[in-house]
Each structure stands twice: as structure tokens, then as C-alpha cells.
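Worksheet for the structure shown next.
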Amino acid sequence: MRRQNPIKNRYPSEPVIAWFGLAITVLGVLYGLAQVRAYLTERHFLRITLVRLSNGGGFRKVEDLIRLKHYLSTHIRYDAKRVNEARPLLRHSAEHILKTGFGFCGENARVAIRLLAMGGVRAHRLYLEGPLWQHNVVEHEWEGSWKLFDAHSDPASLLPDEDVGAIESSDIARFPNHHEGQPWLRSYRIKPFHRVPALRRFEQTRVPGWVAQIAETPSLIKAGLGLLGASCGVSILWFG
């Protein structure tokens, strides 16, 4: 009996499948590399912004946090009339938000989280829920506990300078809020878990810092998708 070549059998017998797998692999790699480049470009832009804000590249004093709050609240404006405009699935990057100067509370929080982490302060989102709408703020480590940070330029909820680095993130009753009929009722940290009743027991989980940074960086998520696509292409070539 004639033995088959095991190496030859590893490759798809149909040229169409082979070309399909190769195309997916190449496109996935190219897309991933483009997103890595976008990430590095954004990181460079944010690093320059950080150095300008923190006098050396780190947040070590409350004055540094206040300076960051002033910068974000004046450089990222919002328009309530545009709240229903379509936005990208992963939302805009921190670089895009700063360059356009436009964003709502979620966009403002994204930039704050990226800059705080680059300046040595662990931070992630904290979602506030009221009877009328939700609000995105930032929870960050400061002097041994978790504190509130919010630079969204809404005058009814803007954090006063004297409260920067001072309000415990668990004490939502102290969060600034002058919206009539819109008290903060509760807070949570992971939105997907909050949306699924069976998983709400995990909605207060604090994710590791690196996970929070990936979640706030669309280019890294897209790079991961490119890698996944390339892996699928390789699988088609190998097993097809």
C-alpha cells in the first residue's frame, strides 16, 4: 500500500481555500500592524501632553490632579444636542478626543484614565446610575484608597478643586450633583456584567490596571482582532 505524505496533507488540497487562508492571514497581519502603529502614535501624543501637564511626567501631588482636571474640562467640550449622534462601536481614541476637543462624560473619562495611568496612577471607570440617566466618572488610587475624579465640564456635576483626591469613590452621596430629580442611586464598574442580571454580582469587580488600559485603547483592541484574524487564516492554511 502506498503511504501518503503527512507533510503534504497538512496543506489544503484546494487552491481556492489556500488563497483564502493566505489572504485572511496577510490582511490580519497588516491590519494588526496598522493598529499597533496607531497605538504608538497615540501614546507619543499622550506622553507629550502628560509631560506638559505634570511637570515631569507623573502625578504626585493633588495640584497635579487639579491641573489635569482643568485641562480636560476646558479642552473637551460637549453639546447635549449631539447626544444621539452615532459613535464608533469602541468609541474614539484619547488622541482623537483631545484633537477634536469634543466628547461627553465617557470620552472625558477615557482621556483621564489613559493620562492618569501614564502618570503612575491606577484608574478605571466608575458608572453612576440615576433615575434619568447614567454618568461616567473615574475611580483612581490615591493615598491608600480609591478616590473620585471627574473632569466632565457639566457645571451641575463638575468636581470642585477642593474635592479632587478627597472623595472616596464608595461615598456617592458626596459626588457633586445639582441636577434636579437625578440623584445618584448606585454605582458599578463593569457595564457588561451590570446589563446581565445573572452576572450583576460581579459588576463591582475592579479589573487589573492593564485590563482597564486595553479597554480604553481602541487601537489595541483592534490589533488583537487583527491577530485573531491572522490566526484564523493560518488555521485555514494548516487544517483546510
Answer yes if at least one residue in region 76-85 is touching a residue at least 12 places away in the same chain (Cβ under 8 Å), closer than 13 Å to Leu116 by Cβ and in a loop (DSSP other than H, G, I, E, B), and no otherwise. no
Any residue at all in region 105-117 that's more than 19 Å from the chain's Cα centre (by Cα) and under 21 Å from Ser54 (Cα atoms)? no
With Ala18, Ala38 as the choices, which residue is assigned to a helix (DSSP H, G or I), in contact with a Pro (Cβ under 9 Å, 6 or more places away or on another chain) and modelled with pLDDT under 90? Ala18
Do we find a residue being in contact (Cβ under 8 Å) with a residue 24 or more places away in the chain, among the small types (Gly, Ala, Ser) and either surrounded by 19 or more Cβ atoms within 10 Å (Cβ to Cβ) or in a strand (DSSP E or B) (or both) anywhere in region 123-131? yes
Filtering region 35-63 for residues that are more than 16 Å from the chain's Cα centre (by Cα), over 14 Å from Ala94 (Cβ atoms) and surrounded by fewer than 19 Cβ atoms within 10 Å (Cβ to Cβ) leaves a count of 11
Number of the exception - Arg47 against (1) in contact (Cβ under 8 Å) with a residue 40 or more places away in the chain; (2) of a type in the set (Lys, Arg); (3) part of a helix (DSSP H, G or I); (4) closer than 22 Å to Lys147 by Cα: (4)
Qualifying residues in region 198-214 (those that are touching a residue at least 40 places away in the same chain (Cβ under 8 Å) and either basic (Lys, Arg) or in a helix (DSSP H, G or I) (or both)) - the one nearest to Ala38 (Cα to Cα): Gln213
Can you say whether Ser153 is surrounded by 14 or more Cβ atoms within 10 Å (Cβ to Cβ), among the small types (Gly, Ala, Ser) and within 21 Å of His75 (Cα to Cα), as far as the supplied structure shows? yes
Looking only at region 158-174, filter to residues that are outside any helix (DSSP H, G or I) and out of contact with any helix residue (DSSP H, G or I) (no Cβ under 7 Å at 6 or more places or on another chain); which one of those is surrounded by the most Cβ atoms within 10 Å (Cβ to Cβ)? Ser169
Filter region 181-197 down to residues that are assigned to a helix (DSSP H, G or I) and touching a residue at least 40 places away in the same chain (Cβ under 8 Å) and give me whichever is farthest from Val26 (Cα to Cα). His194
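The values are calculated or read from the model by the stated rules, or taken from the named source; none is laboratory data. Keep in mind that what you see is a predicted model, and the values were worked out from it rather than measured. With ideal geometry, Cβ positions are generated from the backbone for all residues, glycine too; neighbour counts draw on all protein chains shown.
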